[in-house]
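The values are calculated or read from the model by the stated rules, or taken from the named source; none is laboratory data. Bear in mind the structure is a predicted one, so any value in this text is a computation, not a measurement. Methodologically, a virtual Cβ is constructed for each residue, glycine included, from the backbone with ideal geometry; neighbour enumeration extends over all protein chains shown.
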Amino acid sequence: MKETLFTKKAPAAIGPYSQGIATTGLVFVSGQLPVNPETGAFPEGGVASQTKQSLKNLVEILACKNMTLDHVVKTTVFLSSMDDFSEMNAVYQEMFGEGKYPARSAVEVARLPKDALVEIEAIAAMG
């Protein structure tokens, strides 16, 4: 059985998918673009501010199940340019906290929706 997650504190899906899905023991959070849900726009300031917003959106979806970044076991980070890896990584490290890092893949892609610089998806474990 699965439960569809939705919060107005994160951007609504821009296609036929859910913000997140909870199933037995796991939560799958769809890729989060750096869209500010209040303005519908990306934050100014490049990949660092976009990474922070993507992770904030992820946090809000996890909160639907009373979860935090501490519950995340795996992320995938999509970057429009691997030249932005270090800057993204610094914000990612700060948000997750030393020693609390999940498994991760980071890949460069040809293009992201709305020409975002970063998109982050996650899998979290309940309990």
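Residues that are of a type in the set (D, E, K, R) and either touching a His at 6+ places or on another chain (Cβ under 8 Å) or under 17 Å from residue 8 (Cβ atoms) (or both) within region 44-63 comprise 56, 60, listed in sequence order.
Of the residues 35, 29, which is closer than 15 Å to residue 120 by Cβ and either modelled with pLDDT under 95 or outside any loop (DSSP other than H, G, I, E, B) (or both)? Just one listed residue meets the conditions, 29.
In region 52-73 there is at least one residue that is touching a residue at least 40 places away in the same chain (Cβ under 8 Å), surrounded by fewer than 15 Cβ atoms within 10 Å (Cβ to Cβ) and within 15 Å of residue 106 (Cα to Cα). For beta carbons closer than 7 Å, sequence separation of 6+ or different chains, a first residue in region 32-43 that is of a type outside the set (Phe, Trp, Tyr) and a second that is exposed (fewer than 15 other Cβ atoms within 10 Å of the Cβ) and outside any loop (DSSP other than H, G, I, E, B), the qualifying pairs are 33/113; 33/114. Going residue by residue through region 76-86, is there one that turns out to be part of a helix (DSSP H, G or I), surrounded by 14 or more Cβ atoms within 10 Å (Cβ to Cβ), of a type in the set (S, T, N, Q) and out of contact with any strand residue (DSSP E or B) (no Cβ under 7 Å at 6 or more places or on another chain)? Taking every residue of region 76-86 in turn, none turns out to be part of a helix (DSSP H, G or I), surrounded by 14 or more Cβ atoms within 10 Å (Cβ to Cβ), of a type in the set (S, T, N, Q) and out of contact with any strand residue (DSSP E or B) (no Cβ under 7 Å at 6 or more places or on another chain).
When 48, 41 are checked against the criterion of being part of a loop (DSSP other than H, G, I, E, B) and more than 15 Å from residue 5 (Cβ to Cβ), a single residue qualifies: 41. Would it be correct to say that residue 120 is free of Cβ contacts under 8 Å to residues at least 24 places away in the same chain, part of a strand (DSSP E or B) and either more than 28 Å from residue 2 (Cα to Cα) or among the hydrophobic types (A, V, I, L, M, F, W, C) (or both)? Against the criterion (free of Cβ contacts under 8 Å to residues at least 24 places away in the same chain, part of a strand (DSSP E or B) and either more than 28 Å from residue 2 (Cα to Cα) or among the hydrophobic types (A, V, I, L, M, F, W, C) (or both)), residue 120 does not qualify.
Select from region 4-38 the residues that are under 27 Å from residue 85 (Cβ atoms) and hydroxyl-bearing (Ser, Thr, Tyr) and write down the one among them that is surrounded by the most Cβ atoms within 10 Å (Cβ to Cβ). Ranking the candidates gives 30 first.
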